[in-house]
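Quick notes on the structure that follows.
The values are calculated or read from the model by the stated rules, or taken from the named source; none is laboratory data. Remember, predicted model here, so these are calculated numbers, not experimental data. Here the Cβ positions follow ideal geometry from the backbone for every residue, glycine too, while neighbour counts run over all protein chains shown. Only protein heavy atoms, including side chains, enter the accessible area calculation; ligands, DNA and RNA are left aside. Shrake-Rupley method; radii C 1.70, N 1.55, O 1.52, S 1.80 Å.
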Amino acid sequence: MSEIERPWALMRHHAGWADVFHVESETGDSITGFYPDRETVGPPVSYSTRAVLARYPTMEAARAAREEAVGEWRKHDAAVREAEDKLRQAEKAREEAWLGCLRDAATRG
């Protein structure tokens, strides 16, 4: 097995978080490796290379990048909460308009 130049990857876990992944082998379209931070490191798993968010030369670099990115994500929390509040208000107005239309039609008919 040849040495992989950037064997550490960040893989999307959920929105705003990525897991550190160690790449043990790769082909043109897949990578195989393991998650070193998980409690139980099982057999190697394989993914499409599209699952990789970014690659790094060391585990420390991957972890540092992840932490920096979490900070960037958090900078947008207030704007996201504000947008979600506006969305809920708009959805409530839509629901009330829909129900009002149905009730109006019932009184006409």
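Of all residues in the stretch 54-69, which are open to solvent by less than 60 Å² (accessible area, probe 1.4 Å), more than 10 Å from Arg6 (Cα to Cα) and either among the charged types (D, E, K, R) or not in a helix (DSSP H, G or I) (or both)?
If the condition is that a residue be open to solvent by less than 60 Å² (accessible area, probe 1.4 Å), more than 10 Å from Arg6 (Cα to Cα) and either among the charged types (D, E, K, R) or not in a helix (DSSP H, G or I) (or both), then Arg66 is the only one that fits.
Can you tell me which residue within the stretch 1-23, out of those that are farther than 30 Å from Asp77 by Cα and either of a type in the set (Lys, Arg) or exposed (fewer than 14 other Cβ atoms within 10 Å of the Cβ) (or both), is modelled with the lowest pLDDT?
Met1
Examine the stretch 76-89 for a residue that is of a type outside the set (Ser, Thr, Tyr), more than 19 Å from Glu5 (Cα to Cα) and in contact with a strand residue (DSSP E or B) (Cβ under 6 Å, 6 or more places away or on another chain), and state whether such a residue exists.
Scanning the stretch 76-89, I find no residue that is of a type outside the set (Ser, Thr, Tyr), more than 19 Å from Glu5 (Cα to Cα) and in contact with a strand residue (DSSP E or B) (Cβ under 6 Å, 6 or more places away or on another chain), so the answer is no.
Take the stretch 1-37 and flag every residue that is within 30 Å of Val80 (Cβ to Cβ), without any contact (Cβ under 8 Å) to a residue 12 or more places away in the chain and not in a strand (DSSP E or B).
Listed by number, the list holds a single entry, Ala15.
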